[in-house]
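Encoded as structure tokens, the structure appears first; notes follow it.
Please treat every number below as a calculation from the coordinates, not as lab data. Keep in mind the model is a prediction, meaning the values are calculated, not measured. Please note: Cβ atoms are built from the backbone with ideal geometry, for glycine as well, and neighbour counts cover all protein chains shown.
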Amino acid sequence: MQPGGAFLLNRRILLFLRLFEALVRESVMLMPKKFVAAGDVFIGFSGDQCIVGLGGRQTVFPTLKDCEPILQAISFWKKPQHIAAVLQHLAQQGHSESSALKAINFLVEKHHVVYYDDAESASLERYNRHLLYYGGWSYDPADVQQNLAQSHVVILGCGGIGNHLAVNLATAGIGHLTLVDDDVIELSNLTRQHMFCESDLGEPKVDVLARELEKRNSEVSVDRIALAISGTESLELLPRADVIALSADTPESIAIWVNDYAIRGKFPYLVIGYVGDIAVFGPFYIPNRTGCYCCNANLTQDLSLTDTLSKAYCGSINQNSKPPSFVAVNAIAAAMATNDILRYLGGYAEPLSANKRIGIHTRSLQIEVQDCNKSGSCQACAQT
């Protein structure tokens with residue numbers, strides 16, 4: 001015989017569970033579109049364990065019995081079905097409404113099923129494998145691709161990082177790219193800047209890069225601007241875009257210029273680069289949502305020297321110093337920047353570098369994160 005208090009508590013828990021079940025039933029039943037099993041859905045077994053999904057979406061169930069309604073729902077969803085039809089199918093297989101709803105909710109929450117649209121699927125064959133990836137985040141991967149097709153990115157700097165970034169974004173289906181650089185192709189560029197070849201030596205980088213991008217995706221509009229950035233006045237000559245990708249590291253103050261320009265113009269930008277053997281991306285500045293490049297004082301500290309002897313040493317030692325530029329470091333920085341730009345413009349996830357600067361050490365695979373949260377004392381963005 002349970003004490004009265006415990007009996008009332010158990011009854012309340014039962015009522016809460018019934019209410020929660022009713023809410024789940026109502027929410028899944030209200031979804032009007034047909035769903036279909038995601039193209040990348042995967043089932044595996046390890047001993048008695050049943051594994052559903054891959055990578056970050058993987059879920060391990062202790063036994064086959066634990067995930068049987070899930071497997072039956074996925075099998076039925078190999079053809080497009082409304083949720084109500086799947087619920088009815090599972091009932092016919094002998095599952096209770098509670099276990100059927102739990103299975104359906106699991107598949108929907110984990111994006112193992114996505115919205116079905118036959119017309120859109122046929123027209124997006126080029127991006128088929130990317131759509132499978134977007135399906136892990138969005139119920140409507142075609143909508144993500146449409147967002148990308150309607151986006152415009154300005155790439156400031158078409159060297160080691162800008163080269164990788166440009167081809168990544170063009171082949172991913174960003175609809176409009178503007179390439180900005182005033183440099184010409186040199187022999188030493190060919191180790192990292194893979195859109196160029198020996199016959200292109202001496203040619204403007206923006207012209208050759210535009211030509212190569214158009215070969216790889218004729219659906220993308222590519223503009224080019226041969227321009228040396230010498231201050232915020234130079235930036236005023238750029239077209240307005242959904243994102244500016246800053247992959248140039250000279251002049252030394254370019255990140256601060258772009259930061260000021262973006263804050264005044266209220267548009268997003270991402271800083272991409274490297275520090276020796278460390279690939280760096282971020283911060284990703286989004287107006288009214290994130291901190292800016294100057295919110296972390298360590299990124300913009302004054303390194304000027306007042307001591308005469310220190311100046312003499314730096315002048316003599318650093319005079320002919322050149323930073324290394326290595327293909328793997330460039331590629332990692334560009335790949336992670338690509339990931340963040342697609343997340344933001346596709347609308348399916350928050351950029352990883354929002355409010356932070358992230359460094360990937362290629363010597364050790366250490367990941368270093370520097371905070372760039374909005375600072376009330378930031379002279380650049382505190383008043384915005």
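For a footprinting-style exposure proxy, rank LEU238, LEU165 by other Cβ within 10 Å, fewest first.
LEU238, LEU165
In whole Hz, what ³J(HN,Hα) sequence does segment 354-361 give by Karplus (6.51, -1.76, 1.60; θ = phi - 60°), x for Gly and Pro?
Once rounded to whole Hz, the list reads 5, 6, 7, 10, 10, x, 10, 7.
Can you list the HN-Hα couplings for segment 62-68, worked out from phi with the Karplus curve (6.51, -1.76, 1.60; θ = phi - 60°), rounded to whole Hz and with x for Gly and Pro?
Along segment 62-68, the couplings run x, 9, 4, 4, 5, 10, 4 Hz.
Sum -39500 (n - 2.57) across every DSSP H segment of at least 4 residues in the chain, then divide by the residue count to get the 222 nm mean residue ellipticity, nearest 500.
My calculation for the chain gives -12000 deg cm²/dmol from helical runs alone.
Note the angle between two axes, namely the Cα long axis of helix 308-318 and the longest principal axis of the Cα atoms of the chain, as a number of degrees from 0 to 90, rounded to the nearest 10.
So the helix axis and the longest Cα principal axis differ by about 80 degrees.
Report ³J(HN,Hα) in whole Hz for each residue of segment 128-136, in order, from the Karplus equation J = 6.51 cos²θ - 1.76 cosθ + 1.60 where θ = phi - 60°; Gly and Pro get x.
Result, rounded to whole Hz: 3, 6, 5, 4, 4, 5, 4, x, x.
For the chain, take the longest principal axis of its alpha carbons; what is the angle in degrees between that and the long axis of helix 4-29, to the nearest 10 within 0 to 90?
Tilt relative to the chain: about 70 degrees.
How many angstrom lie between the Cα centre of segment 226-292 and the Cα centre of segment 126-169?
19
Which one, GLY282, GLY94, GLY315, has the greatest fluctuation when you compute a Gaussian network model over the chain with C-alpha springs under 10 angstrom?
With Cα springs under 10 Å in the chain, the top fluctuation among GLY282, GLY94, GLY315 is at GLY315.
Helix 160-172 versus the longest principal axis of the chain: what is the Cα-based angle in degrees, 0 to 90, to the nearest 10?
For helix 160-172, the angle is close to 40 degrees.
For the residue pair ILE256 and ASP118, what label-to-label distance in nm results when each label sits 7 Å from Cα along the Cα-to-beta-carbon direction?
6.1
If neighbour count is taken as other Cβ atoms inside 10 Å, put HIS164, HIS82 in order from fewest to most.
The most exposed by this proxy come first: HIS82, HIS164.
If amide hydrogens are placed 1.01 Å from N in the peptide plane, which non-local residues have theirs closer than 5 Å to the one on VAL275?
Correct list: VAL280.
For segment 85-119 and segment 175-217, what is the separation of their C-alpha centers, rounded to whole Å?
49
Limiting things to C-alpha atoms, what are the Rg and the maximum Cα-Cα separation (Dmax) for segment 29-115, in angstroms?
12.2, 39
Based on the Cβ-Cβ distance of LYS65 and TYR133, what FRET efficiency does E = 1/(1 + (r/R0)^6) give at R0 = 25 Å, to the nearest 0.05?
Computed FRET efficiency for LYS65 and TYR133 comes out at 0.20.
Find the relative contact order for the chain and round it to a whole percent, using C-alpha pairs within less than 8 Å whose residues are 6+ positions apart.
13
List the residues whose amide H sits under 5 Å from the amide H of ASP182, counting only those 5 or more places along or on another chain, with H placed 1.01 Å from N in the peptide plane.
So ASP182 has HN proximity to LEU227.
If you restrict to DSSP beta bridges whose two residues both lie in segment 240-369, what percentage is antiparallel, to the nearest 5?
Given both bridge residues lie in segment 240-369, the antiparallel proportion sits at roughly 75 percent.
Along each principal axis of its Cα atoms, how long is segment 117-242 end to end? Whole angstroms, biggest number first, please.
For segment 117-242, the Cα spread along each principal axis is 48, 35, 22 Å.
Just to be sure I understand, if you calculate Cα Rg over 2.2 N^0.38 Å for this structure, which of [x] 1.25; [y] 1.16; [z] 1.03 do you get?
Among [x] 1.25; [y] 1.16; [z] 1.03, the one derived from this structure is [x].
Among DSSP bridges having both ends in the chain, what percentage is antiparallel? Round to the nearest 5.
Restricted to the chain, the bridges split so that about 60 percent are antiparallel.
Just add up the charged neighbours of LEU237: K/R +1, D/E -1, any other residue whose Cβ is under 14 Å from the Cβ of LEU237.
Residues close to LEU237 contribute a combined charge of -3.
Within 10 Å of each residue's Cβ, count the other Cβ atoms and sort HIS95, HIS361 from fewest upward.
The fewest-first ordering by Cβ neighbours comes to HIS361, HIS95.
So between HIS361 and ASP183, what do we pick up on full extension, going 0.36 nm a residue minus the alpha carbon distance?
61.2 nm
Amide H of SER221 versus every other amide H placed in the peptide plane: which residues, excluding those fewer than 5 positions away on the same chain, fall under 5 Å?
HIS176, LEU177
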